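See structure below.
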Amino acid sequence: MSTASSPSREIISTRLISAPPAQIFKAYSDPKRLARWWGPAGFTNVFHEFDFKPGGIWRHDMHGPDGTVYENTSRFDEVTPERIVLQHLDPEHAFRMSMTLDNENDRTRLTWRMLFDTTEGYEKVCGFVPRCNEENFDRLEAELAAMKSEIEGPHELSLTRIIDAPPEKVFRAWTDPALVVQWFTPPPFITISAELDVRPGGSSLITMRGPDGTEIPCPGVYLEVVENERLVFTDAYTKAWEPSAKPFMTGILTFENLDGKTRYTARVVHWTAADKEAH
């Protein structure tokens with residue numbers, strides 16, 4: 001949630017994030033990680049200086065999707081695991097930014113407060129900065145998911161994406177055969193059929209076709225089904241608890257509601273590290 005307040009020249013953005021404050025602080029304090037997620041959607045960063053301590057300078061270039069380069073210089077005024085304060089030093093775009101990380105049952109209430117030095121500077125950006133901050137939160141959540149996957153062991157792959165659709169639509173895309181055949185395989189492969197009995201113990205059979213015409217059947221069984229929230233399936237069984245010849249993976253999908261959007265997380269746990277590498 002983001003708000004802009006003209007009399008106070010302040011923009012406030014806040015979000016409850018499913019990660020403890022220590023993880024979010026780590027995502028800020030590591031410049032390699034910060035460069036991956038800082039800024040609105042489509043922006044990239046090149047860091048020239050990052051001295052993450054009170055009085056330290058942060059100097060970086062933000063590259064916009066259209067190729068425009070935005071030079072940024074800031075000074076850290078306060079750095080603690082609960083609060084980061086910096087002063088953006090561009091005279092035409094000067095503001096003080098306070099970022100607080102409040103623990104709420106091992107989740108984090110992250111709040112950004114941007115107080116602009118002048119009303120003119122505030123009015124130049126108040127129309128788009130709240131939206132940009134929300135996109136920045138989206139990117140932070142994706143980076144946090146990547147950090148989590150790095151420590152989950154040698155057999156697991158995971159990804160997280162914020163999808164601009166509610167959970168019921170994303171869940172349906174995974175459980176409606178007519179929709180699955182439209183998106184399930186990357187080009188040049190296609191999905192030619194999907195037979196889905198979406199219930200615990202129900203079987204699935206998705207058949208793909210390669211560019212050379214080879215058909216690849218992918219049988220499996222659902223282990224857990226929570227409508228619009230969670231799907232767990234495996235190829236360790238083919239149907240009715242019949243073991244497969246070569247178990248490869250178990251997939252765990254979660255669909256979390258974010259005010260009409262979905263935080264979609266896909267985890268795949270493999271039988272061996274070699275299977276993970278192949279996948």
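Numerical summary
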item: Cα lying deepest toward the dipole's positive end in the chain, options Ser13, Leu253, Phe95, charges on Cβ; result: Leu253
item: 1.4 Å probe accessible area per residue over segment 159-250, in Å²; result: 59
item: Chymotrypsin sites (Phe, Trp or Tyr not before Pro) within segment 164-272: DSSP coil, no more than 11 neighbouring Cβ in 10 Å; result: Trp241
item: Proximal charge balance of Lys32 [Cβ under 12 Å; K/R count +1, D/E count -1]; result: +1
item: Mean separation of Cα contacts under 8 Å, 6 or more apart, over the residue count of the chain: relative contact order %; result: 14
item: Net charge dipole size for segment 224-279 [Lys, Arg +1 and Asp, Glu -1 on Cβ; Debye, nearest 20]; result: 120
item: Cα-based reach from Lys53 at 16 Å (exclusive), listing lysines while leaving out same-chain residues under 8 positions away; result: Lys26
item: Helical contribution to [θ] at 222 nm, DSSP H n ≥ 4, -39,500 (n - 2.57), averaged over the chain, rounded to 500; result: -7000 deg cm²/dmol
item: Whole-angstrom gap from segment 75-89 to segment 158-176, using each part's C-alpha centre; result: 36
item: Share of carbon and sulfur in the accessible heavy-atom surface of the chain [1.4 Å probe, %]; result: 54
item: Given [x] 19.9, 64; [y] 22.6, 69; [z] 17.6, 49, the label whose value is Rg and Dmax of the Cα atoms in Å derived from this model; result: [y]
item: 28 Å Cα-Cα threshold exceeded, pairs from Lys124/Lys148; Lys148/Lys276; Lys32/Lys124; Lys239/Lys276; result: Lys124/Lys148; Lys32/Lys124
item: Straight-distance crosslink candidates among lysines, where the alpha carbon sits under 18 Å from Lys261 and sequence neighbours closer than 8 are dropped; result: Lys169
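The values are calculated or read from the model by the stated rules, or taken from the named source; none is laboratory data. Please read these numbers as outputs of a predicted model, since none were measured by experiment. Virtual Cβ from ideal backbone geometry, glycine too; neighbours counted across all protein chains shown. Accessible surface is based on the protein model in full, side chains and every heavy atom, while ligands, DNA and RNA are left aside. Shrake-Rupley method; radii C 1.70, N 1.55, O 1.52, S 1.80 Å.
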